[in-house]
Amino acid sequence: MLALAGCSSVTTGDDRAAGTAAPVVQIDPRPGSEQAPTTRGLTVRAGAGTLVGVVAYADDDPVPGYFDPTRTVWRSNRPLAPGKDYSVSATATGANGVRGSATGRFRTFTPERTFRIVSVTPSPGETVGVGMPIIVDFDVPVRDRAAVEKALEVSSPSAVEGAWHWSGETRAVYRPRRYWPAGEKVGFTAYLSGVRAAKDTYGTADHAVRFTVGREQISTIDTRTHQMTVRRDGEVVQRMAISAGMATTREYTTTSGIHLTMDKTNPVRMISPNRREGDPGYYDVMINHAVRISNSGEYIHAKDNVWAQGRVNVSHGCVNARPDQAAWFYTNSLRGDPVIINGTDRELEWDNGWGYWQLSWSDWLKGSALHSGPASDS
């Protein structure tokens, strides 16, 4: 294969003598090209015949592809990788079994600029909660969002329905339509090699992450009754008396809505926002067994003010519980566990932390570059 050059169609002497034309096999990009484009992929066509076989390599790596239903066209599964030498060999059969073939080599262009993924959440091999999103951060602003989004593939045994939502120029977030099934094995692969993200900016490598969805643990908090209930796979496993935000200001009001556990720290340093030492309400304290649920400073954490828990809301916006129960929640939480809070007049913003479940399904689809038109929320 590496010795091949140019393109040829071959017939036998018997075929010529019989006057039977061999099928013409065409390769695109054109063999011999030194600056072949990547985004169209590789295509092989047979004129007046059907393709018997196609073999293609990018350097030494096989190029996967598929035939159309008529077997007159073969296409690569993905765009071509930049800066690679490709070799192709294809054979077709025409009338009366006459065969034609073509071989060739070409090289894809080297882009002026490249882009890549800088981080993916969750981490490879992580076990997560049923509400876990897939968060992908790129190193450059993505202008051709449709092309990049098309290259982002999520797979699972249950074929869970989900969609991507662009939350900024460099971030795409995937959320299933409904919570992941417990125990689901999820695969994410970004087939970015050869994909155009912006003018003269292309991906040169793919990126893959596999993770597992753990048990279903969903917590509900009612700030009016000052109670928190934790259910695992539908069964109550913990009831906790809590104290939420005192609600004297907006920042001291706990947000209502569907939160997700984001991370946890023991202990975590908490400093009063927008206040300096000496100002009224200033604090700088170390708090044990803190599980973060938003980016606006909200945690579920330990506090020894048991006199308030179950009776009155006195916190600066966090949800606090008895130290032993907060330690239990800390130990038993996975990233992506839903925490549903009710009872306050401050709504969790969808882009505050991982508040993605605050958006209806139809609103979520509006942030996708590939989905358009109305969608039912049912």
Cβ-Cβ below 6 Å, separation at least six or inter-chain, first residue in the range 118-132 and farther than 22 Å from I218 by Cα, second part of a strand (DSSP E or B): which pairs?
V118/D137; S119/D137; V120/V136; V120/V209; P124/V209
Of a type outside the set (F, W, Y), free of Cβ contacts under 8 Å to residues at least 60 places away in the same chain, outside any strand (DSSP E or B) and surrounded by fewer than 15 Cβ atoms within 10 Å (Cβ to Cβ) - does that describe any residue in the range 198-211?
yes
Check T108 against each of (1) touching a residue at least 40 places away in the same chain (Cβ under 8 Å); (2) under 21 Å from S33 (Cα atoms); (3) buried (at least 20 other Cβ atoms within 10 Å of the Cβ); (4) within 27 Å of the chain's Cα centre (by Cα) and name the one condition it does not meet.
(4)
Condition check: at pLDDT 95 or above, of a type in the set (K, R), open to solvent by 70 Å² or more (accessible area, probe 1.4 Å) and part of a loop (DSSP other than H, G, I, E, B). Does R45 satisfy that?
no
Selection from the range 295-318 of residues that are polar (S, T, N, Q) and either open to solvent by 60 Å² or more (accessible area, probe 1.4 Å) or in contact with a strand residue (DSSP E or B) (Cβ under 6 Å, 6 or more places away or on another chain) (or both)
N295, Q309, N313, S315
Hey, any hits in the range 334-341 for a residue that's more than 21 Å from G214 (Cα to Cα), open to solvent by 10 Å² or more (accessible area, probe 1.4 Å) and in a loop (DSSP other than H, G, I, E, B)?
no
Need the failing condition index for D304 against (1) in contact with a Pro (Cβ under 9 Å, 6 or more places away or on another chain); (2) farther than 30 Å from S360 by Cα; (3) assigned to a strand (DSSP E or B), just the number.
(3)
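The values are calculated or read from the model by the stated rules, or taken from the named source; none is laboratory data. Just so we're clear, the structure is a prediction, and the values are computed from it rather than from any experiment. Cβ atoms come from the backbone with ideal geometry, glycine included; neighbour counts cover every protein chain shown. Calculation scope for accessible area: heavy atoms of the full protein, side chains included, ligands and nucleic acids excluded. Shrake-Rupley method; radii C 1.70, N 1.55, O 1.52, S 1.80 Å.
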